[in-house]
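For reference, the structure is listed below as structure tokens.
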Amino acid sequence: MAGFLDRAKEQAQRGLVQGKQKLDEVQNQRAGGDLLKKLGAAYYAERRGTGSPAATQQALQALEAHIATHGDSFLRS
């Protein structure tokens, strides 16, 4: 009986770890998408004359930092 409970506990912990990894992945993809949208909005505003090159550069740097940390998989989804 103890062996069964140990295996069940291990399986539950693996499930928790996998769930946490998937949640982190989804959150990182969502954050990357948000940063990409901000970059697009900053670029559009700059082109229309209502934004600044500094705002576009700042949005680009934030996106590049996210990509350096979490990868660019959100660009392909």
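The values are calculated or read from the model by the stated rules, or taken from the named source; none is laboratory data. Since this is a predicted model, take the numbers as computed values, not measurements. Note that each Cβ is placed from the backbone with ideal geometry, even for glycine, and that neighbours are counted across all protein chains shown. For accessibility, only protein heavy atoms count, side chains too; no ligands or nucleic acids. Shrake-Rupley method; radii C 1.70, N 1.55, O 1.52, S 1.80 Å.
At an R0 of 35 angstrom, the distance between the Cβ atoms of His70 and Thr50 translates into a FRET efficiency of 0.70. With angles folded into 0 to 90 degrees, how steeply does helix 2-48 sit against the dominant principal axis of the chain? Use alpha carbons for both and round to 10. It is inclined by approximately 0 degrees.
The angle between the Cα long axis of helix 53-70 and the main principal axis of the chain comes to about 20°, on a 0 to 90 degree scale. Share of carbon and sulfur in the accessible area of the chain stands at 55%, probe radius 1.4 Å. Taking other residues whose beta carbon is less than 13 angstrom from the beta carbon of Gln13, and scoring Lys, Arg as +1 and Asp, Glu as -1, yields +2. In the list (i) 38, 26, 20; (ii) 72, 17, 17; (iii) 32, 28, 17, the label attached to Cα extents along the principal axes in Å as derived from the coordinates here is (ii). Only Cα pairs under 8 Å and 6+ residues apart enter the sum, and on that basis the relative contact order of the chain stands at 29 percent.
Full extension of the chain segment joining Gln57 with Glu25 gains 8.9 nm, where the gain is 0.36 nm per residue of separation less the Cα-Cα distance.
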